[in-house]
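FYI, it's all coordinate maths here, none of it is from the lab. Predicted model only: the values in this text are computed from it and were never measured. Quick reminder, even Gly has a Cβ in these numbers, built from the backbone with ideal geometry, and neighbours come from all protein chains shown.
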Amino acid sequence: MDRRVFMKSGALSLVTMGLSPSFLRRTAFGAELVRGAAQHGNTRGKTLICLFQRGAADALNVVVPFGEPAYYRLRPNIAIPRPASSAGVAGAVDLDGFFGLHPALAPMKPLWDRGILAPVHAVGSPSSTRSHFDAQDYMETGTPDQKGTHDGWLNRYLALQGTCEAGCVHDAKASPFRAVSMTQQTPRILEGPQATIAMNSLDEFSVRATGPAVDRLEALYRTGTADVVHAAGGEMFEAVKILRAANPRQYTPQNGASYPATQLGQRLKQIAQLIKADVGLEVAFADVGGWDTHVNQGGSTGQLAQRLDDLARSVAALVADLGDRMADTTIMTMSEFGRTARQNGSGGTDHGHASALFVIGGDVKGKKVYGTWPGLEPEQLYEGRDLALTTDFRAVFSEVAGKHLGAKRLDVLFPGYVAGRMFWVGVLKRVTGSSAIGLSAALGTCVRPAAGRQTDKPSSRSLTHVVKIGRSSSTPCRSRPRHDGSDRPAAGPCPSASLLPAEWARCARCRSRSARCRA
C-alpha cells in the first residue's frame, strides 16, 4: 500500500497520509490514543522540532563572522556589512562583538536576548561529499559516508524510548501523532519500523463528508480484527477524530504570534496546534528549500535574505505562540553542508563543507555562539576553499537527543559514533530525569587521549577551552584529574573532549584554562 492513501465513496473522500509502512503492519491495534499529559496525570513530555534547510544554507552569511577580516576579502559583493554599517545598508545584528546574525534574522534577536537561542558554527558532516542527496542522507540517517543505513536516526529514537518524565504512566500504545512530518512524504530522518505520519497540512488529515457516510465507512473498517487494512483504518479514524476535535481551521495563535503566509510559516503554525492539542507529539519535522544559492545570492537583501526572513518570522511566531510550552520544546535547524568561503563569478556561492545551525528552546544555554571558529585565512580553509569543520553534527544531535529527549542508547542512535557527554558542545542546560538514569550506561567506555598537553591554537578564535590531544585510547578512563585543582579522581563520567577532525578537542567540563586539565 502506498504511503499516501486516497479513498473515495460517494460524497466522502479520505485524504492524507504519508504513513510509515509499519503503520499498516502492526499486529495489535485499537488501544486508546494518548490524549495528553493532563489526561493521564503525567508531567508534560518533551517535543523536538527539526527544521531542515535543504539545499545547503550559507553559514557565513547566516551567522556572520564580521570580526574576521578575511570574510570581507573573500566576499567583496555579498558579504554582510559590519553592525556599524553606512547609512541605508543593513549590517549584521551584533551578537558578541565577533559574530552577528544576517539582518533578515532580526526577528530572532529577541530569542538571543532571552537566552533561548544558541547558534553552533563550523558544524556539519565529516564526509567530504558535496552531493546534496548523499549529504542529506548522511545527516538524516546519522551515519556519514554509510549509504547502507536503512532507517533515520529519529526513527531509531522512537524505537528506543519515550520522553515523559520518570514515574509517568504509559499507555499500551503510543499516539499515532508521536512523530509527525509536515511534508508530502516521510522524510529520510523518520523512515524506519516505527510508525510516523507525514502530511502536507492538518486540513488534509481529515474526513470530508456529511451525513451518515462517515459512520458507515468507519464501521466497515472496524470489522475484521485480523485484517491489517481494517485495523489501520480504525486507528486512522481515531486520529481523524482527534484532529477534528482540535478544529484546525478555527485555530487562533496566541501571545500576538503572527505566522507568515508561507509554506513554512503555516506548517509551523500547525505544529504548534498539535503541541497545544496534547496529542502526544514528541518529534515534529518540516523542511524548507531554496538554499542552493549558486547565482545572485545577494547580501543584506536578495535571494538568501528572503529565505532567512521567512525562517526568522516563522520561528519567532512559533516561539511566541507556544509561550510557556517552550520550556518543554526544542527547535533545531540543520543543513546538509555549507557553501564556499569565496563568492563565485555569478554573485553566489558553491557547495562547501561546514555549516551552522540553531538550537532554540527553554533548555538552551543561549547568548553564546558555540563551536570552535577555524578562521578563514587560506591555510585555515578546508581544501583551500571551504569553512573547515570543527564540530561533528552528531555531537549536537546526540546532546539534544540525550539531554532534551532523554535518549539512553546514543550508540544505537548514531552507530559508529562514540556517543556521550564528552562529545557534547554544552548547548543545553541539563539532563532530563529519564536520560540521567541511563546516561552512565551510554557513556560506558570513554575515549580519552593517552597523552596531552595544554596549548593554544594561534590561528583559531577559540570559543571554548581548546587542548591539543595525542593518540586516543579506547581503554576505560580510570584516572580523571579533578577540575578544581585537587588530585582526587573526579566523580561521574570522564570529561574527555570530542575528537575533532584536526585532532583538536574541547573540554566539555572545564571552562577555564587549568593546568590540571588533561582532557
What residues from the range 381-422 fall in the zone where the backbone N is under 12 Å from a label point 7 Å along the Cα-to-C-beta line of Ala159? 412-415
Report the label-to-label distance for Arg385 and Asp96 in nanometres (one decimal), using points 7 Å from each Cα along the Cα→Cβ vector. 3.0
Whether the range 277-353 is rounded, prolate or oblate, judged on the alpha carbon gyration tensor where a/c under 1.5 counts as rounded: prolate
Quick check: residue separation of Val412 and Val89 times 0.36 nm, minus the Cα distance between them. What number comes out in nm? 111.4 nm
Sort the following peptides by mean Cβ neighbour count (other Cβ atoms within 10 Å, averaged over residues), highest first: 422-428, 118-124. 118-124, 422-428
With the crude spin-label approximation of a point 7 Å out along Cα→Cβ, what separation in nm comes out for Lys429 versus Asp113? 2.0
Quick check: pseudo-label points 7 Å beyond the Cα along Cα→Cβ at Asp203 and Arg73, how many nm apart are they? 5.4
Summed over the other residues with a beta carbon less than 12 angstrom from that of Arg82, with K and R at +1 and D and E at -1, the charge totals -2
In the neighbourhood of Pro107 defined by beta carbon distances under 15 Å, the net charge of the other residues (Lys, Arg +1; Asp, Glu -1) is 0
I need the peptides 45-54, 399-408 ranked by packing, meaning the mean over residues of other C-beta atoms within 10 angstrom, with the highest value on top. 399-408, 45-54
Would you mind calculating the gained length between Gln306 and His150 on full extension (0.36 nm times residue separation, minus the Cα-Cα distance), in nm to one decimal? 52.7 nm
Hey, can you rank 100-106, 375-381 by average C-beta count inside 10 Å, highest first? 100-106, 375-381
Environment charge at Ala407 (Cβ cut-off 12 Å; Lys +1, Arg +1, Asp -1, Glu -1): +2
